[in-house]
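Trainee: The structure follows.
What follows draws every value from the coordinates through simple rules; no lab data is involved. Keep in mind the model is a prediction, meaning the values are calculated, not measured. Cβ: placed from backbone, ideal geometry, glycine included. Neighbour counts: every protein chain shown.
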Ligand code: NAI
Ligand code: MG
């Protein structure tokens, strides 16, 4: 019986996670995957109350006693610097070694795209999640003076590159995608570029049926706007993946509907909407719950409940098609109305 840690977190994280849980309860009634949802009180409220972000025991329990983590969002204006968000979210990513950040971007309705003629956009972005410039190696010298020097190192390891490339190719095979595109900046950052290109080619040789190509990140940013349907699976480093996946999310209807998985295959997995805690709309009941609900679908698939995952995905598509949308998607429904509609649809098998 899979145990799922539910961490709503802060701001709209609480609101969208309520709807994701509602949908998971509907899934339980219809498909009986036997998921036990364990609610975790981690976030700004807890930090402000107890002065604790997350303890070593909590890390241990999240990693050992749970099969997956479903997280809303972390970040609160009452916590300057968002220390709790860094400790909890980046802590989980690094300590559980969740090296695959999978961010699909699928266009559900052409009218949702800012592009004039978007076409059928289906991008699966694989972002390396534990290395790159986000490891915070480096430091500052003569800080606060006009001689200040800041060094932020870009860490790339053979193992790190190999495993994210392999995850991307395995995904392509599993999902019937025909091409994997490497994105880097090998012209201006040749040391990292050489490693990525060599290892990408090495992994690709194990997948002779999958086509490959490589793009510089600046050209890719341009091309994703110009002809996004040219791309299927994209694999890239931490920084470029962070940026391109936000761009891709916007191409298909905005942050509110974007889902993601943070995975160490065979070990740990954390699922979360791409968006943050959105303090500007928190508490108003207008947040789009689709990103959180689609993240729950990714989780169900990961836990081996493909049929249930598909039912949730279909219900999300039906909601969008039927105009059951929050304001960010041009609709007038509340967070709860969208969540309830999708849960009902899953229940009825609509
Ligand atoms: P954000 O994603 O929270 O919001 C950006 C904009 O998108 C806002 O205008 C917001 O209203 C809108 N938006 C986001 N999600 C939405 C949804 N589901 N429905 C409708 N509109 C939505 O990013 P922002 O404002 O940069 O960060 C706010 C806080 O969230 C900060 O504390 C930040 O550190 C944190 N954050 C946390 C993340 C996480 O937990 N994974 C990711 C990004 C930011
Ligand atoms: Mg980001």
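Trainee: I need the Debye-formula profile for the chain: one equal scatterer per C-alpha, no solvent, reported as log10 I(q)/I(0) at q = 0.06, 0.07, 0.14, 0.15 1/Å, two decimals.
Mentor: -0.21, -0.29, -1.21, -1.38
Trainee: Sticking with the crude label model, points 7 Å out along Cα→Cβ, report the distance from residue 94 to residue 317 in nm, one decimal please.
Mentor: 4.0
Trainee: OK, next. Place the peptides 338-348, 146-156 in order of packing, highest mean first, counting for every residue the other Cβ atoms within 10 Å and averaging per peptide.
Mentor: 338-348, 146-156
Trainee: Moving to a separate point now. Only helical DSSP H runs with n ≥ 4 go in: add -39500 (n - 2.57) per run for the chain, normalise by residue count and round the 222 nm mean residue ellipticity to 500 deg cm²/dmol.
Mentor: -12500 deg cm²/dmol
Trainee: When the Debye formula is applied to the Cα atoms of region 232-328, each taken as the same point scatterer, what base-10 log of I(q)/I(0) results at q = 0.24 Å⁻¹?
Mentor: With one equal scatterer per Cα and no solvent, log10 I(q)/I(0) is -1.39.
Trainee: Continuing with the same structure: Stick to Cα atoms and the Kirkwood definition of Rh, then tell me Rg/Rh for region 2-62.
Mentor: Values: Rg = 13.4 Å, Rh = 12.9 Å.
Over the Cα atoms of region 2-62, Rg/Rh equals 1.05.
Trainee: Within 10 Å of each residue's Cβ, count the other Cβ atoms and sort 196, 40 from fewest upward. The partial results should precede the final answer.
Mentor: Working: 196 26, 40 20.
Least to most surrounded, the residues fall as 40, 196.
Trainee: How big is D, in µm² s⁻¹, for region 1-118 by Stokes-Einstein at 10 °C and 1.306 mPa s if Rh is the Kirkwood radius over C-alpha pairs? Working shown, then result.
Mentor: Values: Rh = 16.1 Å.
After rounding, the answer is 98 µm²/s.
Trainee: Ranking request for peptides 9-19, 100-110: highest mean number of other beta-carbon atoms within 10 Å first, then the rest in descending order.
Mentor: Details: 9-19: 26.4, 100-110: 21.2.
Ranked by mean Cβ neighbours within 10 Å, highest first: 9-19, 100-110.
Trainee: Report the residue, chosen from 90, 247, 202, that carries the largest GNM mean-square fluctuation when the chain is represented by alpha-carbon nodes joined by springs under 10 Å.
Mentor: It is 202.
Trainee: Another question, then. In which sequence would 116, 185 go, from the one with the fewest C-beta neighbours within 10 Å to the one with the most? Write out the running numbers ahead of the final one.
Mentor: Details: 116 6, 185 21.
Going from least to most buried by this count: 116, 185.
Trainee: How would you rank 177, 127, going from fewest to most other Cβ atoms within 10 Å of each one's own Cβ?
Mentor: Sorted ascending by nearby Cβ count, the order is 177, 127.
Trainee: What would the Debye equation give as log₁₀ I(q)/I(0) for region 114-251 at q = 0.09, 0.14, 0.22 Å⁻¹, counting only Cα atoms as equal point scatterers?
Mentor: Each listed q maps to, in turn, -0.30, -0.66, -1.35.
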